1. Could you check, for region 214-224, whether at least one of its residues is within 16 Å of the ligand (Cβ to nearest atom), open to solvent by less than 10 Å² (accessible area, probe 1.4 Å), more than 27 Å from Leu103 (Cα to Cα) and modelled with pLDDT of 95 or more?
2. Name the pairs whose Cβ atoms lie under 8 Å apart, with the first residue in region 136-162 and at pLDDT 95 or above, the second charged (D, E, K, R), and 6 or more positions between them or separate chains?
3. Anything in region 24-70 that is of a type in the set (D, E, K, R) and touching a Pro at 6+ places or on another chain (Cβ under 7 Å)? List them, or say none.
4. How many residues are among the acidic types (Asp, Glu) and surrounded by fewer than 19 Cβ atoms within 10 Å (Cβ to Cβ) if we restrict to region 94-127?
5. Which residue, of Pro206, Pro190, Pro246, Pro182, is in contact with a strand residue (DSSP E or B) (Cβ under 8 Å, 6 or more places away or on another chain) and open to solvent by 10 Å² or more (accessible area, probe 1.4 Å)?
6. Within region 128-154, work out how many residues are touching a helix residue (DSSP H, G or I) at 6+ places or on another chain (Cβ under 6 Å) and open to solvent by 40 Å² or more (accessible area, probe 1.4 Å).
7. So, Gly245, is that one farther than 16 Å from Glu168 by Cα and small (Gly, Ala, Ser) or not?
Amino acid sequence: MRPGIRIKTPAEIEEMRGAGRVAAKALRVTCEAARPGVTTKELDELADTTIREEGAIPTFLGYGGFKGSICASINEEIVHGIPSPRLKLYAGDLLTIDVGATLAGWVGDNANSVGIGELDAEGQRLIDVTRKALYAGIAAAVPGNHFGDVSAAVGAVAEAAGLGIVREYTGHGVGREMHEEPNVPNYGTPGTGALLEPGMVFAIEPMFMLGGERVKVREDGWCVVTADGSRAAQIEHTIAVTADGPMILTCESESERWPAHV
Ligand code: MG
């Protein structure tokens, strides 16, 4: 084990599952509510309410001074979009919502990209490939593999589809802190990085774009956008490495929990 990676016991992973379930519920509810005419601030309030009703705390709110319980990123916005009453959704938009919940001191972190109303074929393809990459990464998260195998599995899907990979922002260890060791990039070399062991918990979060790979941060200091204005998607689960295979913590139903077993 590399120093800095915190191993969770099976009992701790069960506790983290509680946080993951709340984060997944908040993500589902906000994605379902994301329709033309709705503002990202309204989605933020819905997520905040949903999380608190479950006895949890919105992890993102106040994190580094962030003013929101979700990140809401539209079209060329990749990640860290700040919710605003001035940001209304329009039919055809591609929206990414990222939301974290802290329950009993443990964090669950997940994200999804959805079309608002009817999405064009290219936007839908971007979402579909990003989800496929997430599950390729999850499938590689087994004991005996290395972190580089997870990263390489994610990146290979983007490359095969001709999509750009966001290289400056990565998945990450998750536990009592939202960001723990190690970083989990969306590209990599098989066989490199720390060996995966049962009890390692981390977020895999492919961030892909239709255009070139250059990104920039808006003047608000938060929102990351594609430099060429092309659209981006981000889909994320918090997962645990177990002796029985990769376990998804950020899901609501038990049937989603063991992707390799279905
Ligand atoms: Mg994350």
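1. yes
2. Ala140/Asp149; Pro143/Glu197; Val157/Lys132; Ala161/Arg125
3. At the first step, the residues of region 24-70 found to be of a type in the set (D, E, K, R) are 25, 28, 32, 35, 41-42, 44-45, 48, 52-54, 67.
Matches in region 24-70: Lys41, Asp44, Asp48.
4. Count: 3.
5. On the way: Pro206 fails: open to solvent by 10 Å² or more (accessible area, probe 1.4 Å); Pro246 fails: open to solvent by 10 Å² or more (accessible area, probe 1.4 Å); Pro182 fails: open to solvent by 10 Å² or more (accessible area, probe 1.4 Å).
From the options Pro206, Pro190, Pro246, Pro182, the qualifying one is Pro190.
6. Total meeting the criteria: 1.
7. Working: farther than 16 Å from Glu168 by Cα: yes; small (Gly, Ala, Ser): yes.
For Gly245, the condition - farther than 16 Å from Glu168 by Cα and small (Gly, Ala, Ser) - is met.
The rows are residues; the columns are (1) of a type outside the set (Gly, Ala, Ser); (2) within 16 Å of the ligand (Cβ to nearest atom); (3) in a helix (DSSP H, G or I).
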residue	(1), (2), (3)
Asp98	yes, yes, no
Ala111	no, yes, no
Gly137	no, yes, yes
Asp149	yes, no, yes
Val157	yes, no, yes
Glu181	yes, yes, no
Pro190	yes, no, no
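The values are calculated or read from the model by the stated rules, or taken from the named source; none is laboratory data. Since the structure is predicted, the reported quantities are computational estimates derived from the model, not experimental observations. When we count neighbours, we look across all protein chains shown, and the Cβ atoms used for this are built from the backbone with ideal geometry, even at glycine. What goes into the accessible areas is simple: the full protein's heavy atoms, side chains included, and nothing from ligands, DNA or RNA. Shrake-Rupley method; radii C 1.70, N 1.55, O 1.52, S 1.80 Å.
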